Amino acid sequence: QNEALTQLQTLPNLTRDGEPFELLANCFGPEDIDSAVQSGAQGVGLLRSDYLMLPGKMPDEQEQYFYYTACLAAAQGRPITVRTFDFGSDRTLANVYQGEQSAHLGLRGIRSSLRQPRQFETQIYALLRAGARGPLKVLFPMVTNVEDWDAAMRIVERCRQNLRERSVPFNENMPFGIMLSIPAACLTAEEFIAHGCQFFTIGTNDLTQYTHAAGREVTSAERYFQPASAAMRKLIRMAVDAACAGGIPINIAGLAVGDPANLVQYLQMGLRSFSMSPQTLLDAKRVLLEADAHVL
Ligand code: PEP
């Protein structure tokens with residue numbers, strides 16, 4: 001069985017009806033990027049940079065730079081999309097991802113970064129510099145509206161200007177995008193493109209949570225947590241249509257993407273780029289090879 005799955009790696013990524021697809025991994029750092037590459041990942045669709053914080057201390061610019069360049073080395077030339085720190089009142093330095101139920105509606109993701117611009121700048125400097133060493137893209141989490149986007153990009157431009165003045169090598173053209181994890185952002189997706197957003201990643205974990213008002217760790221609300229509900233399908237279609245019309249790439253990430261039933265639905269909604277846990281990559285490939293992207 002395992003050998004058969006490994007043989008799958010050599011087959012081209014084409015659906016039964018001939019549509020190309022891309023399989024990316026959600027990773028935490030160089031070690032699991034290495035194993036994702038061995039499982040056939042074409043890149044890292046979501047690098048959860050906040051794991052860098054787990055020791056409970058904010059790394060300085062140089063430490064972050066080393067982490068991103070080590071990730072690039074592990075990916076061996078494959079692209080990596082780094083999500084900027086996603087912590088807030090529940091995901092603090094001390095308890096990132098410990099799953100407290102409060103504050104999912106509060107100061108998280110880009111909201112928190114915009115409140116702590118020095119910390120955010122440190123991360124942006126490290127990313128812009130690491131971007132000169134390999135194909136990095138940067139993703140902002142928990143973006144609600146174009147005001148968030150504009151504010152974040154003003155900080156990015158300030159960092160670029162500073163690096164130019166100091167003649168520090170960096171990637172002038174590194175793409176910046178947003179995570180679509182809030183319905184308000186899906187409903188206004190085209191506005192982000194008009195304001196310069198270069199790619200979208202749908203975050204199914206959070207988008208499911210916020211669409212159905214069902215906390216991702218709240219077991220009593222489990223039956224409302226439906227990553228491919230009619231409501232989710234409408235929001236996802238809106239995002240796909242906006243990305244198509246604006247000519248920007250769109251990817252979908254989150255636990256639901258590793259589930260074959262959801263995966264095929266997402267494919268048939270027009271998605272072609274999927275990011276998931278490295279362990280589910282080969283199974284996902286098998287499912288997509290046998291699926292039709294176009295249904296009558
Ligand atoms: C998501 O929200 O779908 C996602 C992939 O992000 P995380 O689970 O890291 O919050």
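Proximity of backbone amide H atoms, modeled 1.01 Å from N, is registered between VAL44 and ALA25, ILE80, THR81 at under 5 Å, excluding neighbours fewer than 5 places apart on the same chain. Near GLU22, the amide H atoms lying under 5 Å from its own belong to SER273, PHE274; only residues 5 or more places off or on other chains count, and H is placed 1.01 Å from N.
Taking the Cα centre of the stretch 141-284 as origin and charging only Cβ (+1 Lys, Arg; -1 Asp, Glu), how large is the dipole, in debye to the nearest 20?
120
Place a +1 charge on the Cβ of each Lys and Arg in the chain and a -1 charge on the Cβ of each Asp and Glu, then give the dipole magnitude about the Cα centre in debye, rounded to the nearest 20.
Numbers: 26 positive and 31 negative charges, 84 e Å.
About 400 debye.
The loop-placed GluC sites (Glu not before Pro) in the stretch 207-296, going by DSSP, that have at most 14 neighbouring Cβ atoms within 10 Å of their Cβ come out as GLU217, GLU290.
So what is the 222 nm mean residue ellipticity for the chain from helices alone, if each DSSP H run of at least 4 adds -39500 (n - 2.57) and you divide by all residues, rounding to the nearest 500 deg cm²/dmol?
-13000 deg cm²/dmol
Relative to one another, the C-alpha centroids of the stretch 102-131 and the stretch 53-72 are positioned 14 Å apart. Residues ASP206, ASP34 in ascending order of nearby Cβ atoms (within 10 Å, fewest first): ASP34, ASP206. What the Cβ-Cβ distance of ALA132 and GLU222 gives, at R0 = 41 Å and to the nearest 0.05, is a FRET efficiency of 0.35. With neighbour counts taken as other beta-carbon atoms within 10 Å, the residues ARG223, ARG216 rank, fewest first, as ARG223, ARG216. Distance between the modelled labels on GLN279 and THR188, one decimal in nanometres: 3.9 nm (7 Å Cα→Cβ projection). Neighbour counting of Cβ atoms within 10 Å sorts the residues ARG83, ARG16, fewest neighbours leading, into ARG16, ARG83.
Here, each number is a calculation from the coordinates, and none is a lab measurement. In this text, all values refer to a predicted model and were calculated from it rather than measured experimentally. When we count neighbours, we look across all protein chains shown, and the Cβ atoms used for this are built from the backbone with ideal geometry, even at glycine.
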